[in-house]
1. Looking only at region 271-320, which residues are under 27 Å from E413 (Cα atoms), touching a Pro at 6+ places or on another chain (Cβ under 8 Å) and surrounded by fewer than 20 Cβ atoms within 10 Å (Cβ to Cβ)?
2. Hey, A341 hits all of (1) touching a helix residue (DSSP H, G or I) at 6+ places or on another chain (Cβ under 9 Å); (2) surrounded by 14 or more Cβ atoms within 10 Å (Cβ to Cβ); (3) more than 30 Å from Y246 (Cβ to Cβ) but one; which does it fall short on?
3. Can you name the residue in region 116-144 that is of a type in the set (G, A, S) and modelled with pLDDT of 95 or more and is also farthest from I106 (Cα to Cα) among such residues?
4. Would you confirm, using the coordinates I've provided, whether L221 is surrounded by fewer than 20 Cβ atoms within 10 Å (Cβ to Cβ), touching a residue at least 12 places away in the same chain (Cβ under 8 Å) and part of a helix (DSSP H, G or I)?
5. It is to be established whether one or more residues within region 81-102 are at pLDDT below 95, of a type in the set (K, R) and either on the phi > 0 side of the Ramachandran plot or not in a helix (DSSP H, G or I) (or both).
6. Which residue out of V283, V255, V262 is in a strand (DSSP E or B), over 12 Å from the mean Cα position of the chain (by Cα) and among the aliphatic types (A, V, I, L, M)?
7. For region 247-259, which positions are surrounded by fewer than 22 Cβ atoms within 10 Å (Cβ to Cβ) and either under 26 Å from P219 (Cβ atoms) or not acidic (D, E) (or both)?
Amino acid sequence: MTTHYDALEVQSPSQREAALMAALPQQIALAQSHAPAFAAILQGVEGSAINSRAALASLPVTRKHELLARQQAQRQTGDGKDPFGGFSALAYGAYMPHVFASPGPIYEPEGTRKDYWRLARALHAAGFRPGELIHNCFSYHFVPAGSMMESGAHALGCSVFPGGTGQTEQQVQAMAELKPAGYIGTPSFLKIIVDKAAEMGVALPTVTKALVSAEAFPPSLRDWLAERGIAGYQCYASADLGLIAYETEAREGLVLDEGVIVEIVRPGTGDPVAEGEVGELVVTTLNPDYPLIRFGTGDLSALLPGHCPTGRTNARIKGWMGRADQTAKVRGMFVHPGQVAEIARRFPEVLKARLVVSGEMANDSMRFQVETAAPHAGLEQRIGEAIRDVTKLRGSVELLQPGSLPNDGKVIEDARSYK
């Protein structure tokens with residue numbers, strides 16, 4: 001399994017960064033000219049000037065709720081020909097063979113390019129090779145997961161059994177008779193299938209590897225599968241972006257895909273955090289058909305130092321570490337991570353901030369914790385006034401030494417008792 005999918009995986013980091021930054025201005029210009037939503041979002045931006053990570057960080061982050069809102073507005077006011085809210089560079093027809101729906105509903109286009117979602121790289125890292133049969137248990141109904149994996153398998157040179165979800169006994173029967181090399185799907189459904197096979201007294205000796213996604217894959221389940229002869233690997237992908245990162249045999253974090261530019265930003269903002277600090281994953285895809293620029297995934301992660309022991313040279317993330325949307329309702333008012341960031345931005349002395357909501361239901365209290373290396377008289381009072389100004393609520397202020405707050409990506413901590 002130590003061979004790599006292609007030369008991109010082992011190119012020098014400087015070569016990769018140069019190539020990504022050379023492609024970025026072109027992608028910005030393409031989005032502005034072919035995706036009406038980004039023509040509006042990036043109005044006044046000179047695409048050719050966005051050729052560095054610092055320049056990219058100056059652009060606004062587009063989050064899923066904004067994408068949904070634009071899609072809904074377009075459906076109500078448009079002619080029905082653009083259900084994608086102006087984000088797609090494709091229109092109905094031969095170049096868009098499928099349209100999928102995610103909860104919301106948010107509609108996603110699929111283009112015709114080979115391995116459109118770029119999943120072949122993750123499948124290869126999980127041990128799949130050309131000429132094998134893969135049993136695909138992701139859904140083929142509404143959501144793109146089944147098609148995402150199937151197109152990657154085909155690009156890799158594999159055949160696919162479209163098992164989909166449910167019908168556990170039939171899944172076991174098909175595996176026993178067709179003898180696939182491995183499984184694609186959620187880890188929990190793989191466990192159900194393996195348990196059902198044991199209950200039925202059916203051996204599945206050919207199923208020795210799996211690529212799982214869409215839910216947590218704890219080490220306990222990974223080890224449980226390994227005890228039964230199945231090496232399971234995970235990948236991180238989304239219907240909007242395709243593959244973002246994938247696990248390798250080193251099992252040290254997830255290696256970033258070659259077709260995306262990933263930033264880690266402070267939740268509620270577009271501001272990149274220091275390397276190793278937990279924040280929200282923001283992704284710019286180089287997909288010309290659905291050119292999402294600085295798309296906020298809403299997921300928390302952090303960059304790992306160094307490179308993968310397998311020789312892959314791209315950056316790695318720790319994996320999924322929670323959700324970035326930490327909105328809390330306090331005394332009947334919603335408080336958002338963006339408001340915490342707005343308060344902190346008013347004070348250059350503040351290095352990092354965190355809002356802790358405590359107390360019991362209907363008796364909330366807010367404590368605004370800030371790290372500062374230069375506390376001075378009156379700072380607590382001024383921050384308290386800013387809290388009232390921004391949130392319309394009162395809260396106490398606690399000044400802390402730099403490095404005191406935990407590195408967990410939380411901007412709002414809800415520590416209330418709900419008993």
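The values are calculated or read from the model by the stated rules, or taken from the named source; none is laboratory data. Keep in mind the model is a prediction, meaning the values are calculated, not measured. FYI the Cβ positions are ideal-geometry reconstructions off the backbone, even for glycines, and counts take in every protein chain you see.
1. E275, G276
2. (1)
3. G131
4. yes
5. yes
6. Values: V283 fails: over 12 Å from the mean Cα position of the chain (by Cα); V262 fails: over 12 Å from the mean Cα position of the chain (by Cα).
Sole residue among the options that is in a strand (DSSP E or B), over 12 Å from the mean Cα position of the chain (by Cα) and among the aliphatic types (A, V, I, L, M): V255.
7. E249, A250, R251, E252, G253, G259
Yes/no per residue for (1) surrounded by fewer than 14 Cβ atoms within 10 Å (Cβ to Cβ); (2) under 25 Å from G270 (Cα atoms); (3) touching a Lys or Arg at 6+ places or on another chain (Cβ under 6 Å):
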| site | (1), (2), (3) |
| --- | --- |
| N51 | no, yes, no |
| Y92 | yes, no, no |
| F100 | no, no, no |
| I134 | no, no, no |
